[in-house]
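The values are calculated or read from the model by the stated rules, or taken from the named source; none is laboratory data. What you are looking at is a predicted structure, and each value in this text was computed from that prediction instead of being measured. Note that we place each Cβ from the backbone using ideal geometry, even for glycine, and neighbour counts take in every protein chain shown.
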Amino acid sequence: MKIICIGRNYAEHAKELNNPLPTKPVVFLKPASALLVNRKPLYYPEFTQDLHYELEVVLKVAKNGRHVQPAFAADYYREIALGIDFTARDLQQECKEKGQPWEIAKAFDGSAVLSPFVPIDTVNRQAIEFELRKNGQAVQHGNTKDMIFSFEDIIVYVSRFFKLQMGDLIYTGTPAGVGPVQIGDKLEGYLHTKTTVKHLLSCEVK
Ligand code: MG
């Protein structure tokens, strides 16, 4: 199983970090050891002083494929979840300045929180609303209609480079409002389904 992540997929978030808008999806990977089961705490890593949350919609790849054509891309996911792409922003900044890869800032143990999945039919798939609350305060509110690259665009693009395999996860980017966490913070993710707002994700920083 691999974890594929997309960066800078929401214009307002690219702006808040002073990044240019991408013309192609920005892609990076996390290893399976980055996964943090929902409701397990993240222990604040000793190598960073600026750990940030990024709430994202996560796709579970439903079948194997490479070079997926646009007309078939929607068949490659049937379930979505919420995830947090934890980022050591200070290390990431250093990597960016030196033109180095991001893995130590993005792919460390516990950096990929994953909620339970819900069937894609239970949400408005053209405009999925999701929210993050930190200690009960709303900090991020996203809508997938604001993505620069749609789920289908992402599947078409990444499958040119990586064979998609059943069970792979795709973190599809974070909306504006990212920020730091401190020890003791509680992060909670909410997904708007067609009928209700579901409290799907929960993670405490210890
Ligand atoms: Mg991210």
Check on residue 127, small (Gly, Ala, Ser), without any contact (Cβ under 8 Å) to a residue 60 or more places away in the chain and under 15 Å from residue 52 (Cα atoms): no
Residue within the stretch 57-70 that is in contact with a Leu (Cβ under 7 Å, 6 or more places away or on another chain), within 21 Å of residue 183 (Cβ to Cβ), surrounded by 15 or more Cβ atoms within 10 Å (Cβ to Cβ) and not aromatic (Phe, Trp, Tyr) present: no
Residues of the stretch 106-151 classified as among the small types (Gly, Ala, Ser) and within 16 Å of the ligand (Cβ to nearest atom), total: 6
Residue pairs meeting the criteria (Cβ under 6 Å; at least 6 apart or on separate chains; first outside any loop (DSSP other than H, G, I, E, B), in the stretch 98-111; second among the small types (Gly, Ala, Ser)): 105/88
Options 81, 14; residue that is within 16 Å of the ligand (Cβ to nearest atom), crowded, with 17+ Cβ neighbours inside 10 Å, modelled with pLDDT under 95 and not polar (S, T, N, Q): 14
Residue in the stretch 9-29 that is under 25 Å from residue 129 (Cα atoms), in contact with a strand residue (DSSP E or B) (Cβ under 8 Å, 6 or more places away or on another chain) and among the charged types (D, E, K, R) present: no
Of all residues making up the stretch 2-11, the number that are surrounded by fewer than 19 Cβ atoms within 10 Å (Cβ to Cβ) and at pLDDT below 95: 1
Lone unmet requirement of (1) hydrophobic (A, V, I, L, M, F, W, C); (2) surrounded by 15 or more Cβ atoms within 10 Å (Cβ to Cβ); (3) closer than 21 Å to residue 7 by Cβ for residue 161: (2)
